[in-house]
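J.: This structure is in structure tokens; I'll ask about it shortly.
The values are calculated or read from the model by the stated rules, or taken from the named source; none is laboratory data. Remember, predicted model here, so these are calculated numbers, not experimental data. Cβ atoms come from the backbone with ideal geometry, glycine included; neighbour counts cover every protein chain shown. We work out accessible area using only protein heavy atoms, side chains counted, and drop any ligands, DNA or RNA first. Shrake-Rupley method; radii C 1.70, N 1.55, O 1.52, S 1.80 Å.
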Amino acid sequence: MEFTGFEKQTIEAIGDCRGAVKNCGKNAIYHLEKAWQISEIDFEMAIFRAITAEEEAASSLFYCLKNNNYINSGRSSFKEHAHKLGLFPFVQGVGRFLGDVLQQDSSPFDKFNLRHINKDGRKAIELLLNLRSQNITVTPLPPLHFTVSNSDTKDVLTFENNFKELINGLGYENSIKYIKSIANTRNEILYANSAGKPNVSGDIPGYINLQKKKVMLFLRVVLMIDPWEKSEGKSLFVQQCLDSYLLLLERITINDINRS
């Protein structure tokens, strides 16, 4: 399996994390590499390992939030498949929201970039926002600590209302659809049925590469949180994301997942 230079730096930087944050992150990479190695001789297990890689990377992020004492971070379960698999569509939605904010005419920024740096002796990732009017970059500290203040009242505004579409309506339906599709894939590749034993075909390497993108997304988020907490404190935006994701998880019940 090939990794880009940025991805290789990300994998190396995860090694500077501790405990389950590091171990789950490293194990996610291990499963990806093993999936790639067996992709031509054992399609079913290659897909199974690729799915497991996504779940391990999600666990790395969950442990990161828990270890850094984000409020209610212990409510996400490291054993529930739905909790781990529901994370990708949610993070995707957050990314779309941030992209929409940057593209608004009222936004002072026009693009962003990520960069690996050394933070207090640890490898980390920082976020660079380009200031449209002056062509200079602004770096939030910590990288995911976004605040918006009312110019009149000076009150800090929050983003919870912007996340409502991620936990209701189409956002909720997309999450359920995604979790069910992964669960169905896992069952189809492992268990026989009246039609016969599992028979997997298609672009297996393409599927593994798609899973790699998900893993790298979660690990990048970890590296914009974990190395920064000691010196810069918590990220308000991360707490707001967690609060919203927990609301989504409250709706993702066993009945929802099993309902046809």
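J.: Please report, to one decimal in angstroms, the Kirkwood hydrodynamic radius of the stretch 59-109 built from all distinct Cα-Cα pairs. Don't jump to the answer; show the numbers that get you there.
T.: Details: mean 1/r = 0.0783 Å⁻¹.
Mean inverse Cα-Cα distance, inverted, gives 12.8 Å.
J.: OK, next. Would you calculate the separation in nanometres between label points at GLU250 and LYS230, each defined as 7 Å from the Cα along the Cα-to-beta-carbon direction?
T.: If labels sit at GLU250 and LYS230, their model points lie 3.6 nm apart.
J.: Name the lysines eligible as straight-distance cross-link partners of LYS230: C-alpha to C-alpha under 21 Å, and not fewer than 8 places from it in the same chain.
T.: List returned: LYS22, LYS66, LYS119, LYS123.
J.: Same structure, new question: Could you calculate the FRET efficiency of LEU210 with ASN168 from 1/(1 + (r/R0)^6), where r is the beta carbon distance between them and R0 is 30 Å, rounded to 0.05?
T.: Details: r = 27 Å, r/R0 = 0.89.
Working from the Cβ atoms, E equals 0.65.
J.: Each residue of the stretch 210-220 in turn: what ³J(HN,Hα) in whole Hz from Karplus with 6.51, -1.76, 1.60 and θ = phi - 60°, glycine and Pro shown as x?
T.: 5, 5, 4, 4, 5, 4, 5, 4, 5, 5, 5
J.: Could you sort 189-202, 65-78 so that the peptide with the highest average Cβ count within 10 Å comes first and the rest follow in order?
T.: My ranking of the peptides, most packed first, is 65-78, 189-202.
J.: How do 118-125, 22-29, 220-227 rank on mean C-beta neighbours within 10 Å, highest first?
T.: Going by the mean number of other Cβ atoms within 10 Å, highest first, we get 220-227, 22-29, 118-125.
J.: Would you work out which of ASN118, LEU85, LEU246 lies farthest towards the positive end of the dipole of the chain, given +1 charges on the beta-carbon of Lys and Arg and -1 on that of Asp and Glu, about the Cα centre?
T.: Of the candidates, ASN118 comes out farthest on the positive side.
J.: How far is the Cα center of the stretch 1-32 from the Cα center of the stretch 64-136, in Å?
T.: Centre-to-centre distance over Cα atoms comes out at 18 Å.
J.: Which value, in debye to the nearest 20, gives the size of the charge dipole of the stretch 95-145 about its Cα centre, when Lys and Arg are +1 and Asp and Glu are -1 at the Cβ?
T.: Dipole about the Cα centre, nearest 20: 260 debye.
J.: Through the Karplus equation 6.51 cos²θ - 1.76 cosθ + 1.60, θ set to phi - 60°, convert the phi angles of the stretch 45-60 into ³J(HN,Hα) values in whole Hz; use x for Gly and Pro.
T.: Listing the rounded values in order: 6, 5, 5, 4, 5, 5, 5, 4, 4, 4, 5, 5, 5, 4, 5, 4 Hz.
J.: Ignoring ligands and nucleic acids, what accessible area does GLU80 show with a 1.4 Å probe (Å², nearest 10)?
T.: 80
J.: Semi-axes of the equivalent ellipsoid for the chain, please: Cα gyration tensor eigenvalues, times 5, square-rooted, ordered largest first, whole Å.
T.: Semi-axes from the Cα gyration tensor: 33, 22, 17 Å.
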